[in-house]
Amino acid sequence: QVQLVESGGGLVQPGRSLRLSCTASGFTSRFAFSRYDMSWYRQALGKERELVASITSTGDTTNYAESVKGRFTISRDNAKNTVDLQMNSLKPEDTAVYYCNARVRSRWPDPRMYDYWGQGTQVTVSS
(Lines give C-alpha, C1' and ligand atoms only; values in the text may rest on other atoms or scores of the structure.)
Protein backbone atom coordinates (compact mmCIF):
# COMPACT_ATOMS: atom_id res chain seq x y z
CA GLN A 1 0.00 0.00 0.00
CA VAL A 2 1.14 3.53 -0.70
CA GLN A 3 2.80 5.34 2.19
CA LEU A 4 3.48 9.06 2.37
CA VAL A 5 5.86 10.62 4.88
CA GLU A 6 6.05 14.38 5.34
CA SER A 7 9.00 16.27 6.75
CA GLY A 8 10.24 19.82 7.10
CA GLY A 9 7.64 21.31 9.40
CA GLY A 10 8.50 23.47 12.36
CA LEU A 11 8.27 26.89 13.98
CA VAL A 12 9.13 29.93 11.87
CA GLN A 13 8.69 33.67 12.19
CA PRO A 14 6.31 35.59 9.92
CA GLY A 15 7.90 36.49 6.61
CA ARG A 16 10.34 33.59 6.70
CA SER A 17 10.36 30.51 4.49
CA LEU A 18 9.93 26.81 5.00
CA ARG A 19 10.15 23.84 2.66
CA LEU A 20 8.06 20.73 3.20
CA SER A 21 8.89 17.41 1.60
CA CYS A 22 6.81 14.30 1.05
CA THR A 23 8.49 10.99 0.31
CA ALA A 24 6.27 8.31 -1.19
CA SER A 25 6.72 4.56 -1.35
CA GLY A 26 4.82 1.33 -1.88
CA PHE A 27 3.76 1.92 -5.48
CA THR A 28 3.03 -0.87 -7.94
CA SER A 29 4.11 -1.21 -11.54
CA ARG A 30 0.52 -0.65 -12.64
CA PHE A 31 0.12 2.49 -10.53
CA ALA A 32 3.54 4.04 -10.21
CA PHE A 33 4.17 7.34 -8.46
CA SER A 34 4.29 9.03 -11.84
CA ARG A 35 0.59 8.25 -12.37
CA TYR A 36 -0.57 10.03 -9.22
CA ASP A 37 -1.71 13.58 -8.89
CA MET A 38 -0.13 14.99 -5.74
CA SER A 39 -1.44 17.62 -3.38
CA TRP A 40 -0.73 19.40 -0.14
CA TYR A 41 -3.62 20.01 2.23
CA ARG A 42 -3.65 21.75 5.56
CA GLN A 43 -5.90 21.84 8.57
CA ALA A 44 -5.77 24.64 11.08
CA LEU A 45 -7.05 24.27 14.62
CA GLY A 46 -10.83 24.37 14.62
CA LYS A 47 -11.09 24.47 10.83
CA GLU A 48 -11.75 21.98 8.06
CA ARG A 49 -8.98 20.54 5.96
CA GLU A 50 -8.37 22.62 2.84
CA LEU A 51 -6.47 22.14 -0.39
CA VAL A 52 -3.30 24.23 -0.50
CA ALA A 53 -1.65 23.17 -3.75
CA SER A 54 -1.80 20.39 -6.29
CA ILE A 55 0.32 19.16 -9.16
CA THR A 56 -0.58 16.77 -11.95
CA SER A 57 1.13 13.44 -12.42
CA THR A 58 3.43 14.81 -15.12
CA GLY A 59 4.07 18.05 -13.29
CA ASP A 60 2.68 20.06 -16.20
CA THR A 61 -0.04 21.82 -14.24
CA THR A 62 -0.20 23.26 -10.74
CA ASN A 63 -3.03 24.81 -8.78
CA TYR A 64 -3.00 26.86 -5.61
CA ALA A 65 -5.44 28.11 -3.06
CA GLU A 66 -6.00 31.83 -3.45
CA SER A 67 -4.62 32.44 0.02
CA VAL A 68 -1.19 31.03 -0.88
CA LYS A 69 -0.93 31.96 -4.55
CA GLY A 70 2.32 33.74 -5.27
CA ARG A 71 3.87 32.61 -1.98
CA PHE A 72 3.85 28.80 -2.18
CA THR A 73 5.26 26.57 -4.90
CA ILE A 74 4.57 22.87 -5.31
CA SER A 75 6.99 20.66 -7.21
CA ARG A 76 7.64 16.98 -7.74
CA ASP A 77 10.45 14.66 -8.71
CA ASN A 78 9.09 11.46 -10.21
CA ALA A 79 12.56 9.91 -10.22
CA LYS A 80 12.76 10.29 -6.44
CA ASN A 81 9.06 9.78 -5.65
CA THR A 82 8.91 13.09 -3.83
CA VAL A 83 6.76 16.19 -3.81
CA ASP A 84 7.78 19.43 -2.13
CA LEU A 85 6.04 22.57 -1.00
CA GLN A 86 8.15 25.70 -0.87
CA MET A 87 6.48 28.22 1.42
CA ASN A 88 7.67 31.82 1.32
CA SER A 89 6.46 34.95 3.09
CA LEU A 90 4.76 32.86 5.72
CA LYS A 91 1.91 34.36 7.70
CA PRO A 92 0.43 33.39 11.07
CA GLU A 93 -2.70 32.20 9.25
CA ASP A 94 -0.56 29.57 7.51
CA THR A 95 -0.25 27.78 10.83
CA ALA A 96 -1.70 24.30 10.40
CA VAL A 97 -0.94 20.63 10.06
CA TYR A 98 0.10 20.03 6.47
CA TYR A 99 -0.76 16.74 4.78
CA CYS A 100 0.58 15.13 1.64
CA ASN A 101 -1.99 13.47 -0.62
CA ALA A 102 -1.67 11.07 -3.55
CA ARG A 103 -4.59 10.38 -5.87
CA VAL A 104 -5.06 8.30 -9.01
CA ARG A 105 -8.13 7.24 -10.97
CA SER A 106 -8.62 3.78 -12.39
CA ARG A 107 -11.16 3.07 -15.12
CA TRP A 108 -10.77 -0.70 -15.18
CA PRO A 109 -12.32 -3.03 -14.22
CA ASP A 110 -14.61 -0.30 -12.92
CA PRO A 111 -14.22 3.38 -12.11
CA ARG A 112 -12.35 3.80 -8.84
CA MET A 113 -10.38 6.46 -7.02
CA TYR A 114 -7.28 5.57 -5.02
CA ASP A 115 -6.56 8.18 -2.38
CA TYR A 116 -3.69 8.15 0.15
CA TRP A 117 -2.64 10.50 2.94
CA GLY A 118 0.46 11.15 4.96
CA GLN A 119 0.52 11.55 8.72
CA GLY A 120 0.90 15.32 8.59
CA THR A 121 3.57 17.75 9.72
CA GLN A 122 3.02 20.78 11.95
CA VAL A 123 3.82 24.24 10.63
CA THR A 124 3.64 27.08 13.14
CA VAL A 125 4.17 30.68 12.06
CA SER A 126 4.61 32.94 15.05
CA SER A 127 6.88 35.65 16.40
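Using heavy atoms of the protein chains and a probe of 1.4 Å, the accessible area assigned to Val97 is about 40 Å². Our coupling estimate for the stretch 104-118, obtained by passing each phi through the Karplus curve with A = 6.51, B = -1.76, C = 1.60 and θ = phi - 60°, is 9, 9, 10, 10, 9, x, 8, x, 7, 10, 9, 9, 10, 10, x Hz, Gly and Pro reported as x.
In a simple Cβ point-charge model (Lys, Arg +1; Asp, Glu -1; nothing else charged), the chain has a dipole of about 160 debye relative to its Cα centre. Atom-type composition of the exposed protein surface of the stretch 1-96 places 45 percent of the accessible area on carbon and sulfur (1.4 angstrom probe). One decimal place: the segment Tyr114-Ser89 gains 5.7 nm when fully extended, by the rule 0.36 nm per residue minus the C-alpha distance.
Note on the chain: with a GNM built from Cα contacts shorter than 10 Å, the maximum mean-square fluctuation among Gly46, Gly15, Gly26 falls on Gly46. Protein heavy-atom accessible surface, 1.4 Å probe, per residue over the chain: 57 Å². Kirkwood hydrodynamic radius of the chain, from the reciprocal of the average inverse Cα-Cα distance over all distinct pairs: 14.9 Å.
The values are calculated or read from the model by the stated rules, or taken from the named source; none is laboratory data. The structure presented is a predicted model; accordingly, all values stated were derived computationally and were not measured. For neighbour counting, all protein chains shown are included, and Cβ atoms are generated from backbone atoms with ideal geometry for every residue, glycine included. We work out accessible area using only protein heavy atoms, side chains counted, and drop any ligands, DNA or RNA first. Shrake-Rupley method; radii C 1.70, N 1.55, O 1.52, S 1.80 Å.
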